[in-house]
């Protein structure tokens with residue numbers, strides 16, 4: 001029976017409407033995220049905090065502020081950002097490899113993934129409480145920053161911890177809603193929105209420098225070309241894939257006979273995406289942030305030294321950051337793509353790889 005053009009049009013129209021609703025939901029969620037980044041924690045002097053961040057330009061605190069979308073510079077309830085969730089995800093995913101009960105839970109399908117996600121939420125709560133307590137107790141004791149906390153005491157500590165933990169848990173929930181009701185990758189979208197939020201003022205500042213003659217026009221043009229080239233290269237690598245031809249033999253199911261078919265299995269060049277860079281940042285930010293808060297007191301000189309070595313641009317920071325990205329790239333790729341599991345699934349469906357004429361197992365071919 002021939003397809004009716006009217007039905008195809010209605011189906012396409014319905015798909016566009018669904019996409020529109022999802023995009024509007026994402027936009028609304030990001031607006032809520034940006035509004036929340038301007039809600040301050042009670043009891044902090046914003047002027048003293050601005051002075052502190054001005055002194056910390058080019059340090060790990062400025063990078064943490066970038067990932068939080070400027071929430072740290074405003075002492076917002078979103079100052080912790082989504083980093084506790086990312087750290088908890090790293091820990092849980094590592095445990096799924098080395099801890100057998102979690103490994104078995106992962107194989108249970110959707111129900112197992114829901115339980116693992118619940119454990120990740122619990123881990124996020126614990127890490128958020130730990131980090132918020134560190135920040136709340138460290139702020140009044142920072143050297144040279146007297147007056148940062150207006151009325152230090154239990155009331156401030158309790159309010160700050162509750163505000164920061166609530167902000168992180170809300171961001172985690174918001175990211176999950178974007179994943180389910182939006183266009184997916186909710187956590188990555190929130191991180192991306194936080195970073196992009198600082199681009200307009202940075203671009204305006206750069207253009208103003210060029211207009212006043214502080215920045216040469218050719219240098220500005222070179223920066224624009226480099227940005228375009230890097231973006232093009234990232235998109236090129238992200239879209240790169242290797243297609244392995246997979247054949248299905250002629251088979252019969254019940255009274256139906258299916259002819260032999262041929263398709264392909266796309267293997268992306270960058271299966272891990274941006275996740276390794278995010279994981280590496282969270283790993284480096286966590287100890288460096290702790291040393292930044294507590295490294296200035298008497299008897300803590302060794303923490304101050306560690307903090308200095310972990311500043312962006314330092315050789316140790318670059319080495320650790322690059323090594324962490326490489327490690328998590330291998331680790332996360334092994335998590336999202338298991339050659340043996342893929343080969344077993346194809347074998348169960350009666351498929352085989354064309355490149356497997358040598359008699360090797362399908363799993364070896366996919367590697």
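Read-outs: derived from the displayed coordinates by stated rules, not from any lab. Keep in mind that what you see is a predicted model, and the values were worked out from it rather than measured. Neighbour counts run over all protein chains shown; Cβ positions are idealised from the backbone, glycine included.
Report the full-extension gain for the segment residue 231 to residue 262: residue separation times 0.36 nm, less the Cα-Cα distance, to one decimal in nm. Net length gain for the segment: 7.7 nm. FRET efficiency for the pair residue 314 and residue 347, taken as 1/(1 + (r/R0)^6) with r the Cβ-Cβ distance and R0 = 56 Å, rounds to 0.65. Of the peptides 266-275, 231-240, the ranking by mean beta-carbon count within 10 Å, highest at the top, reads 266-275, 231-240. Taking the alpha-carbon centroid of each part, what is the distance from segment 78-106 to segment 145-203 in angstrom? Cα centroid to Cα centroid, the span is 20 Å.
Each peptide in 217-227, 168-178 gets a packing score, the mean of other Cβ atoms within 10 Å over its residues, and the list from highest to lowest is 168-178, 217-227. Model label points for residue 45 and residue 103, set 7 angstrom from Cα along the Cα-to-Cβ axis, are 5.6 nm apart. In plain terms, the residue of 107, 347 with the fewest other Cβ atoms within 10 Å comes first and the most crowded comes last, giving 107, 347. Modelled label positions at residue 91 and residue 330, each set 7 Å beyond Cα in the direction of Cβ, lie 2.5 nm from each other. The fewest-to-most ranking of 74, 243, 181 by surrounding Cβ atoms within 10 Å reads 243, 181, 74.
Using the average count of surrounding beta-carbon atoms within 10 Å as a protection proxy, the listed peptides 338-346, 34-42 rank, highest first, as 34-42, 338-346.
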